1. Please give, to one decimal in nm, the separation of the simple spin-label points placed at SER36 and ASP75, each 7 Å out from Cα toward the Cβ.
2. What's the magnitude of the charge dipole for the chain around its Cα centre, counting Lys and Arg as +1 and Asp and Glu as -1 at the beta-carbon? Answer in Debye, nearest 20.
3. Projecting each Cα onto the charge dipole of the chain (Lys/Arg +1, Asp/Glu -1 at the beta carbon, about the Cα centre), which of LEU211, GLY300, SER142 comes out farthest on the positive side?
4. Under 14 Å from the Cα of LYS353, which aspartates and glutamates turn up, not counting those fewer than eight places away in the same chain?
5. For a quick check: with amide H placed at 1.01 Å from N, whose amide H comes under 5 Å from ARG295's, ignoring anything fewer than 5 positions away on the same chain?
6. Determine the gain in length on full extension of the stretch ASP317-ALA214; use 0.36 nm per residue of separation and subtract their C-alpha separation, reporting nm with one decimal.
7. List LEU176, LEU211 from most exposed to least, where exposure is judged by having the fewest other Cβ atoms within 10 Å.
8. Toward the positive end of the charge dipole of the chain, about the Cα centre and with charges on Cβ (Lys, Arg +1; Asp, Glu -1), which of LEU97, TYR289, HIS115 goes farthest?
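Read-outs: derived from the displayed coordinates by stated rules, not from any lab. Only a predicted model underlies this, so the values are computations on that prediction, with no experimental measurement involved. Because the Cβ atoms are built from the backbone with ideal geometry, glycine has one as well, and the counts that use them run over all protein chains shown.
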Amino acid sequence: MSSRPALPHFALDPPAPDLGPALQACLDGKTKPVGSLGRLESLALQIGQVFGTLVPEPGTGHLLVCAGDHGALRDARGRGLSAYPADVTWQMVENFLAGGAAINVLAREAGLALHVADCGVAHDFGTRPGLLACKVGHGTASWFDGPAMQDSECARALSNGADFARGLAAQGVRVLGFGEMGIGNTASASLLTHLLTGVAMDDCVGRGTGLDDAALAEKKRVLAALADGYRGEREAWSVLAAFGGFEIATMVGAMLAAAQSRMLLLVDGFISSAAALVGCAHAPALRHYCVFSHRSQERGHAIQLSHMQVQPLLDLDLRLGEGTGAALAWPLVRSAAAILRDMASFESAGVSKA
C-alpha cells in the first residue's frame, strides 16, 4: 500500500478459493475424457471461481477503450519514441466514434458493448455521443521534466476508472474488457514494466508502432536514461505517477474496482497488461480475476505475463492494442462458461465412465 493519503487503496481478496474442488469435480464429471478440453477447462474453472457458481452466465460483455496522450511525445526529446505523430491519438478516437477502427469491427462481430473514454487526450472533443468524459488533462506532463502525473491527477484517473466499473457492476455487468489508444504508450508501458519487474530496460522495449532498427535503438537509449534517473519508490502508485498515462491509470482503477465487484476482466496486450501489472503490484489478487487474452508481439509483454505468472489464451502475432485481443478472446470465455454450465455429466446423460 502506498504511503500517500491522496491515492486510493483497493482491498482485494482471491475469488471463491473454496469453490475450486467442486468446480473441478463438475468439469471432470462432464461427458469427455478428463482434461480433454485443455485450456478451456482451466478458463471455465477461473470463470466459476470469479462468479462464485457452478453455472456461470457471463451475459453481455463490455469493453472499455481508454485514450490519452503523453507529454513526452510533444517534447522534442521524446518525439522519436513513436513512428506516428501525437495527433494520431485524437484522430483515432474520432475513428472509434465513427465505428471504423479494428476494435469497432471486432466488438460488433463478438457482440461486445463498446465504451470509448477520453481520459486525457490533447484535444477538445466537446460533448459527443458515445464518448465518456473522463479527461484529467490535455495529456500528461513530460517525463523529461518530472513525473507524468501529480498525485492528485493520478488519483483522479484511478477514481474515474473505478467509478465507471462500479457503475457497470450496478447494472449487473459481469465481464469487462480493456483496450487503449495513446501515441507513446508503449514507451510508458516499457518503463512501468522495467521498474515493477526489475527486468533489464533493454528487454522491456519493443518497436511499438513499427520503429526501424535505428529508431528502436534510440528509443532504448532514451528510456534507459529515464529509468536510470528515476529516484522514486518502486511501488505501484509511485511508478504509475512517474511514467504512466491518464489512460493507463484509468484502466488500473477500473480493473481493481471491477475485480472488487467480482467481475471477470479481459486484458488485451502490452499496454493493458501494464495496467494489470500496476494493479497487481498494488493488490496481488487482481491477477485471479484477469483473463489475459493474447501474447503480444511487443517484446515486454512476455516479461509482464511471466512476472504475473499468467498464461495468455491466444498467440496471433497481434500488436495493435485498442482491445482487439480482448474482443477475440470473448467467444472463448463464453464457450468455457457454457461448458461448465450446460454440458451434460456422465450421470445425467447415462454415459458410461472410463
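1. 5.8 nm
2. Here the chain has a charge dipole of around 440 debye.
3. Of the candidates, GLY300 comes out farthest on the positive side.
4. ASP28
5. Result for ARG295 returns LEU314, ASP315, LEU316.
6. The span from ASP317 to ALA214 would gain 34.8 nm if fully extended.
7. In increasing order of surrounding Cβ atoms, one gets LEU211, LEU176.
8. Most positive-ward Cα: TYR289.
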